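Visitor: Mind having a look at this structure? Questions to follow.
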Amino acid sequence: MAEQYREQDIRNAYTKLTQILIEKNLTITTMESCTAGQIASLITDTEGSSSIMKGAFVTYCNEAKIMMGVPAEIINRYSVYSEETAMAMAKVCQDKYLADIGIGVTGTMGNVDPANTGSSAPGKIYFAISYKDKVLTFYKELEPQESRLMYKLAVAKEVYDELIKILS
(Lines give C-alpha, C1' and ligand atoms only; values in the text may rest on other atoms or scores of the structure.)
Protein backbone atom coordinates (compact mmCIF):
# COMPACT_ATOMS: atom_id res chain seq x y z
CA MET A 1 0.00 0.00 0.00
CA ALA A 2 1.32 3.44 -0.92
CA GLU A 3 2.22 5.79 1.88
CA GLN A 4 -0.28 8.54 2.51
CA TYR A 5 1.21 11.95 3.17
CA ARG A 6 -0.86 14.35 5.24
CA GLU A 7 0.18 17.98 5.29
CA GLN A 8 -0.65 18.65 8.94
CA ASP A 9 1.14 15.49 10.10
CA ILE A 10 4.26 16.56 8.20
CA ARG A 11 4.09 20.08 9.63
CA ASN A 12 3.73 18.62 13.14
CA ALA A 13 6.70 16.32 12.55
CA TYR A 14 8.87 19.27 11.54
CA THR A 15 7.81 21.18 14.65
CA LYS A 16 9.04 18.20 16.67
CA LEU A 17 12.26 18.02 14.64
CA THR A 18 13.00 21.71 15.12
CA GLN A 19 12.41 21.40 18.86
CA ILE A 20 14.80 18.42 19.00
CA LEU A 21 17.46 20.38 17.12
CA ILE A 22 17.03 23.31 19.52
CA GLU A 23 17.26 20.98 22.56
CA LYS A 24 20.37 19.29 21.18
CA ASN A 25 21.85 22.64 20.06
CA LEU A 26 22.44 21.27 16.54
CA THR A 27 22.56 23.61 13.57
CA ILE A 28 21.14 22.69 10.17
CA THR A 29 21.18 23.90 6.58
CA THR A 30 19.73 22.67 3.31
CA MET A 31 20.48 22.74 -0.39
CA GLU A 32 17.20 21.96 -2.08
CA SER A 33 16.32 21.51 -5.71
CA CYS A 34 12.99 19.74 -6.28
CA THR A 35 11.64 20.85 -2.89
CA ALA A 36 12.50 24.50 -3.64
CA GLY A 37 13.12 25.40 0.01
CA GLN A 38 10.14 23.52 1.46
CA ILE A 39 12.28 21.72 4.06
CA ALA A 40 13.91 24.95 5.22
CA SER A 41 10.46 26.53 5.38
CA LEU A 42 9.09 23.69 7.51
CA ILE A 43 12.02 23.97 9.91
CA THR A 44 11.62 27.73 10.27
CA ASP A 45 7.86 27.52 10.88
CA THR A 46 8.69 26.80 14.54
CA GLU A 47 9.49 29.60 16.95
CA GLY A 48 13.13 29.56 18.02
CA SER A 49 14.35 28.06 14.75
CA SER A 50 16.71 30.99 14.19
CA SER A 51 19.00 29.42 16.81
CA ILE A 52 19.51 26.30 14.68
CA MET A 53 18.82 27.22 11.01
CA LYS A 54 22.03 28.61 9.57
CA GLY A 55 20.61 29.34 6.10
CA ALA A 56 19.56 27.48 3.00
CA PHE A 57 20.13 27.30 -0.74
CA VAL A 58 17.46 26.75 -3.37
CA THR A 59 19.38 25.44 -6.37
CA TYR A 60 16.65 24.57 -8.81
CA CYS A 61 18.84 24.38 -11.91
CA ASN A 62 22.20 22.70 -12.50
CA GLU A 63 23.97 26.04 -12.87
CA ALA A 64 22.82 27.13 -9.41
CA LYS A 65 24.16 23.95 -7.85
CA ILE A 66 27.50 24.50 -9.55
CA MET A 67 27.59 28.18 -8.53
CA MET A 68 27.12 27.13 -4.90
CA GLY A 69 29.98 24.63 -5.08
CA VAL A 70 28.64 21.30 -6.32
CA PRO A 71 31.32 20.08 -8.73
CA ALA A 72 30.14 20.12 -12.35
CA GLU A 73 32.02 16.84 -12.83
CA ILE A 74 29.66 15.08 -10.41
CA ILE A 75 26.56 16.32 -12.23
CA ASN A 76 28.08 15.50 -15.63
CA ARG A 77 29.23 12.03 -14.61
CA TYR A 78 26.32 10.83 -12.45
CA SER A 79 23.53 13.25 -13.52
CA VAL A 80 21.80 15.85 -11.42
CA TYR A 81 19.44 13.09 -10.25
CA SER A 82 21.82 10.88 -8.33
CA GLU A 83 22.98 9.98 -4.85
CA GLU A 84 26.35 11.50 -5.71
CA THR A 85 24.80 14.88 -6.49
CA ALA A 86 22.64 14.80 -3.36
CA MET A 87 25.73 13.92 -1.32
CA ALA A 88 27.71 16.82 -2.79
CA MET A 89 24.78 19.16 -2.12
CA ALA A 90 24.58 18.09 1.54
CA LYS A 91 28.33 18.47 2.09
CA VAL A 92 28.58 21.81 0.27
CA CYS A 93 25.81 23.47 2.27
CA GLN A 94 27.07 21.99 5.54
CA ASP A 95 30.58 23.27 4.85
CA LYS A 96 29.50 26.72 3.62
CA TYR A 97 27.34 27.36 6.68
CA LEU A 98 29.56 25.46 9.15
CA ALA A 99 26.46 23.57 10.28
CA ASP A 100 26.19 20.31 12.18
CA ILE A 101 23.71 18.94 9.62
CA GLY A 102 23.48 19.48 5.87
CA ILE A 103 20.62 18.18 3.75
CA GLY A 104 20.83 17.89 -0.05
CA VAL A 105 17.73 17.07 -2.10
CA THR A 106 17.33 16.47 -5.82
CA GLY A 107 14.80 14.61 -7.91
CA THR A 108 11.89 14.81 -10.26
CA MET A 109 8.36 15.48 -9.15
CA GLY A 110 5.37 14.76 -11.37
CA ASN A 111 6.88 15.26 -14.81
CA VAL A 112 10.06 14.68 -16.79
CA ASP A 113 12.56 17.54 -16.50
CA PRO A 114 12.92 19.03 -20.02
CA ALA A 115 16.50 20.13 -19.24
CA ASN A 116 17.50 16.62 -18.10
CA THR A 117 15.28 14.23 -20.06
CA GLY A 118 17.77 11.36 -20.04
CA SER A 119 18.05 11.16 -16.27
CA SER A 120 14.73 12.32 -14.87
CA ALA A 121 11.81 10.09 -14.03
CA PRO A 122 8.70 11.31 -12.21
CA GLY A 123 8.67 10.56 -8.50
CA LYS A 124 12.32 9.53 -8.20
CA ILE A 125 14.17 11.49 -5.55
CA TYR A 126 17.61 11.40 -4.04
CA PHE A 127 18.65 13.02 -0.81
CA ALA A 128 21.60 13.02 1.50
CA ILE A 129 22.08 13.92 5.13
CA SER A 130 25.52 15.04 6.21
CA TYR A 131 25.83 14.84 9.99
CA LYS A 132 29.12 15.80 11.50
CA ASP A 133 31.63 13.80 9.41
CA LYS A 134 29.30 11.17 7.92
CA VAL A 135 27.10 11.43 4.82
CA LEU A 136 24.19 9.06 4.27
CA THR A 137 22.39 8.90 0.92
CA PHE A 138 18.85 7.81 0.16
CA TYR A 139 16.76 7.01 -2.89
CA LYS A 140 12.96 6.98 -2.84
CA GLU A 141 10.25 6.51 -5.42
CA LEU A 142 7.10 8.47 -4.71
CA GLU A 143 3.63 7.58 -5.86
CA PRO A 144 1.93 10.34 -7.89
CA GLN A 145 0.77 13.19 -5.66
CA GLU A 146 -2.18 15.53 -6.12
CA SER A 147 -0.11 18.73 -6.35
CA ARG A 148 3.41 20.14 -6.44
CA LEU A 149 3.02 21.08 -2.79
CA MET A 150 2.17 17.50 -1.87
CA TYR A 151 5.24 16.24 -3.78
CA LYS A 152 7.40 18.67 -1.80
CA LEU A 153 5.79 17.67 1.47
CA ALA A 154 6.17 13.97 0.62
CA VAL A 155 9.89 14.46 0.03
CA ALA A 156 10.14 16.48 3.25
CA LYS A 157 8.50 13.60 5.13
CA GLU A 158 10.96 11.10 3.68
CA VAL A 159 13.86 13.35 4.74
CA TYR A 160 12.32 13.78 8.19
CA ASP A 161 11.94 10.01 8.66
CA GLU A 162 15.64 9.42 7.99
CA LEU A 163 16.91 12.44 9.90
CA ILE A 164 14.93 11.56 13.02
CA LYS A 165 16.51 8.06 12.98
CA ILE A 166 19.98 9.63 12.81
CA LEU A 167 19.22 11.95 15.73
CA SER A 168 17.72 9.21 17.92
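The values are calculated or read from the model by the stated rules, or taken from the named source; none is laboratory data. Keep in mind that this is a model prediction, so the values were computed, not measured. Positions of Cβ are generated from backbone atoms using ideal geometry, with glycine treated the same way; all protein chains shown enter the neighbour counts.
Visitor: Show the residue pairs that are 6+ apart or on different chains and have beta-carbon atoms under 6 Å apart, the first residue being within segment 99-117 and within 28 Å of Met53 (Cβ to Cβ), the second being of a type in the set (Asp, Glu) and at pLDDT 95 or above.
Guide: Val105/Glu32
Visitor: Give segment 22-38 a look and list any residue that's in a strand (DSSP E or B) and more than 9 Å from the chain's Cα centre (by Cα), or say none. Please lay out each step first, then the result.
Guide: First pass over segment 22-38, keeping only residues in a strand (DSSP E or B): 28-32.
Ile28, Thr29 - these are the residues of segment 22-38 that are in a strand (DSSP E or B) and more than 9 Å from the chain's Cα centre (by Cα).
Visitor: Okay, moving on. Checking Gly104 against (1) modelled with pLDDT under 95; (2) buried (at least 22 other Cβ atoms within 10 Å of the Cβ): exactly one of these is not met. Which one?
Guide: (1)
Visitor: Here is a further query. In this structure, does Glu162 turn out to be under 13 Å from the mean Cα position of the chain (by Cα) and either basic (Lys, Arg) or over 20 Å from Gly55 (Cα atoms) (or both)? Spell out how you get there, then give the answer.
Guide: Working: under 13 Å from the mean Cα position of the chain (by Cα): yes; either basic (Lys, Arg) or over 20 Å from Gly55 (Cα atoms) (or both): yes.
Judged against the criteria, Glu162 is a match.
Results for (1) surrounded by fewer than 16 Cβ atoms within 10 Å (Cβ to Cβ); (2) of a type in the set (Ser, Thr, Tyr), shown as yes or no for each residue.
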position	(1), (2)
Lys16	yes, no
Ser41	no, yes
Gly48	yes, no
Asn62	no, no
Pro71	yes, no
Ile74	no, no
Lys91	no, no
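Visitor: Being farther than 19 Å from Tyr60 by Cα, surrounded by fewer than 22 Cβ atoms within 10 Å (Cβ to Cβ), touching a Leu at 6+ places or on another chain (Cβ under 8 Å) and not acidic (Asp, Glu) is true for just one of Leu98, Leu167. Which residue is that?
Guide: Working: Leu98 fails: touching a Leu at 6+ places or on another chain (Cβ under 8 Å).
When all the criteria are applied, what remains is Leu167.
Visitor: Here's a follow-up. Go through segment 19-44 and give me each residue that's of a type in the set (Val, Ile, Thr) and more than 16 Å from Glu158 (Cα to Cα). Walk me through it before giving the result.
Guide: The first filter runs over segment 19-44 and keeps only residues of a type in the set (Val, Ile, Thr), leaving 20, 22, 27-30, 35, 39, 43-44.
Across segment 19-44, the qualifying residues are Ile20, Ile22, Thr27, Ile28, Thr29, Thr44.
Visitor: Against the condition surrounded by 12 or more Cβ atoms within 10 Å (Cβ to Cβ), outside any loop (DSSP other than H, G, I, E, B) and among the aromatic types (Phe, Trp, Tyr), how does Tyr5 come out, does it pass?
Guide: Details: surrounded by 12 or more Cβ atoms within 10 Å (Cβ to Cβ): yes; outside any loop (DSSP other than H, G, I, E, B): no; among the aromatic types (Phe, Trp, Tyr): yes.
Against the criterion (surrounded by 12 or more Cβ atoms within 10 Å (Cβ to Cβ), outside any loop (DSSP other than H, G, I, E, B) and among the aromatic types (Phe, Trp, Tyr)), Tyr5 does not qualify.
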